[in-house]
Amino acid sequence: MKLEQIDDNHFRLSIDLKQGQKLAKAINGKAREMRNGALALSSALGEAYAQANNEFRQPPHAFDENAPRQPSIET
C-alpha cells in the first residue's frame, strides 16, 4: 500500500489487488459498524478487482452477417 500527497487537499492511495480484496472483505465483515466512506471504499475496491480480472474479449464478427449461428432446432 502506498500513500502519496498530490497537493495540500489531495492524496493518492495505491493498493495491489490482493490487499484491496482483503481490505474490502474486512470492511464488509464489519459493515454495520462502518461509515459511508468506508463502505464506498469497499465498493470501489470490489469494482476495481472485478475489472482487473475481467478478461472477456468480444469474438470476431459477433454482430455482423458473418456471425456464427446457433444450431436450429427446427427442421
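Roughly what angle does helix 36-52 make with the longest principal axis of the chain, taking Cα atoms, 0 to 90 degrees, to the nearest 10?
40 degrees
In the chain, carbon and sulfur make up what percent of the accessible area (probe 1.4 Å)?
Numbers: 3650 of 7090 Å².
Heavy-atom surface of the chain belonging to carbon and sulfur, 1.4 Å probe: 51 percent.
How many nm is it between the label spots at Glu55 and Asn36, if each spot is 7 Å from the Cα in line with the beta carbon?
Label at Glu55, label at Asn36, 3.9 nm between them.
Starting from the alpha-carbon convex hull of region 4-43, give the projected area averaged over all orientations, in nm².
Values: hull surface 13.2 nm².
Over all viewing directions, region 4-43 projects a mean Cα-hull area of 3.3 nm².
Quick one: angle between helix 17-29 and the longest Cα principal axis of the chain, in degrees between 0 and 90, rounded to 10, please.
For 17-29 against the chain, the angle is about 70 degrees.
Write down the Å³ per residue value for the convex hull defined by the alpha carbon atoms of region 16-73. Provide the component values of the computation, followed by the final result.
Working: hull volume 9.1 nm³, N = 58.
Output value, Cα hull per residue: 156 Å³.
Counting heavy atoms of the protein chains only and a 1.4 Å probe, report the per residue accessible area for region 1-46 as a whole number of Å². Show your work: numbers first, answer last.
Values: 3960 Å² over 46 residues.
In whole numbers, region 1-46 has 86 Å² accessible per residue.
The values are calculated or read from the model by the stated rules, or taken from the named source; none is laboratory data. It should be emphasised that the depicted structure is a prediction, and the values quoted were computed from it without experimental measurement. As a convention, Cβ positions derive from the backbone with ideal geometry for all residues, glycine included, and neighbour counts pool all protein chains shown. Side chains included, ligands, DNA and RNA excluded: accessible areas come from the protein's heavy atoms. Shrake-Rupley method; radii C 1.70, N 1.55, O 1.52, S 1.80 Å.
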